[in-house]
Every structure is written in C-alpha cells, then in structure tokens.
Amino acid sequence: MEKIASFQVDHTKFGVGMYISRVDGDIVTYDVRMVKPNGGVYVSNPSLHTIEHLFATFARNSRFKDSIIYVGPMGCRTGFYLITRDDMSGADAIALVREAYSFIADYNDAIPGCTAVECGNYLEHDLDSAKKDVLPLLKVLENYNEEMLDYAYHMSRN
C-alpha cells in the first residue's frame, strides 16, 4: 500500500501549531496540533472529548459553518483535524480556531451533546482540563499567518 500523506511528514520537526495537511479538490484538511508530536505529553481522552464537543459545536455555529465539513480528534491525541471547503481561506481557518479555542478557554456551561441520548461516551469529559489544554495553541496562534500553515515553513526552521 502507498504511504498516506500524513505519514510522510516528519513529526519530529514541528510542534504546537496549525498546518495544512492536504488539499483534495475543494477540500482542505488542517492539522490543529495542541501538543508536540511524540513529546511525551498528550491530551487526555476526557479533555480531547470535551474539546471535540465544544470545537465542533462552535465551528458549526460560526460564520464559517457552511464551509465546515468535519472537526475531530487525532488518534495520537496531539490535536484535531479541521476539514473545510476551500472557499474558507487559511486566514479564516486560523481565525476560526483562535475563536473556538478562546470560547473553550472561557466556557463555563453544560457541555453540548453530553447526555446518554446524544453521545456514545457521555461520562468521559473533563471541562477543566479542556480549558487548560487549549491555552498553548491559543498562545502560538496569536501571531500565526497563512504562510505558517505550510509544513515546509516549519521544516526549514528545524
């Protein structure tokens, strides 16, 4: 089998940040990395689950909702995939993640979709950890720009 694109990126050369993983026609996949890959610290499952509920709900209710295809966690527990239509610019994707993660950092209400009827693992959530876990990426994204979405930008610096 051919090696998929995401396994062809040297995960030792980048850290917390946001990157364009692939473009398939009019679909853009962003890797939203919350911790350094293979860095020894990973987002806990309860925190990841809570961030997923809040991030997806925020994104699908934002001004970009018509461009959102998918928001979901990475199995390696280093972050999320954000999949959009290409009518959403890279600058807009960065803005959306900044806004969503700020929303999560300040969130103090019931977690959306957090009942046995709505969720397959509704008891495994941790809002306090989720609020803390979004902060490193928020800090990195303060001065992020579209050029920085390219993995090559970061590979050339390491």
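Summary table
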item	result
Single condition D26 does not satisfy, out of (1) of a type in the set (D, E, K, R); (2) loosely packed, with under 14 Cβ neighbours inside 10 Å; (3) under 19 Å from E99 (Cβ atoms)	(3)
Residue ID - surrounded by the fewest Cβ atoms within 10 Å (Cβ to Cβ), chosen from residues in the range 29-41 that are part of a loop (DSSP other than H, G, I, E, B) and not hydrophobic (A, V, I, L, M, F, W, C)	G40
Condition check for G79: out of contact with any helix residue (DSSP H, G or I) (no Cβ under 6 Å at 6 or more places or on another chain) and on the phi > 0 side of the Ramachandran plot	yes
The range 12-40: number of residues that are closer than 21 Å to V140 by Cα and over 16 Å from the mean Cα position of the chain (by Cα)	5
Lone qualifier among S102, S44 - being surrounded by fewer than 17 Cβ atoms within 10 Å (Cβ to Cβ), in contact (Cβ under 8 Å) with a residue 40 or more places away in the chain and closer than 19 Å to H125 by Cα	S44
For N108: the one exception among (1) surrounded by fewer than 18 Cβ atoms within 10 Å (Cβ to Cβ); (2) touching a strand residue (DSSP E or B) at 6+ places or on another chain (Cβ under 7 Å)	(2)
Residue match in the range 4-24 (condition: assigned to a helix (DSSP H, G or I), of a type outside the set (D, E) and modelled with pLDDT of 95 or more)	no
Helices (runs of 4 or more DSSP H) contained entirely in the range 73-158, each with at least 1 residues that are charged (D, E, K, R)	90-105, 127-133, 135-141
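The values are calculated or read from the model by the stated rules, or taken from the named source; none is laboratory data. All values derive from a computational prediction rather than experimental measurement. Cβ coordinates were reconstructed from backbone atoms using ideal geometry, including for glycine residues, and neighbour counts include every protein chain displayed.
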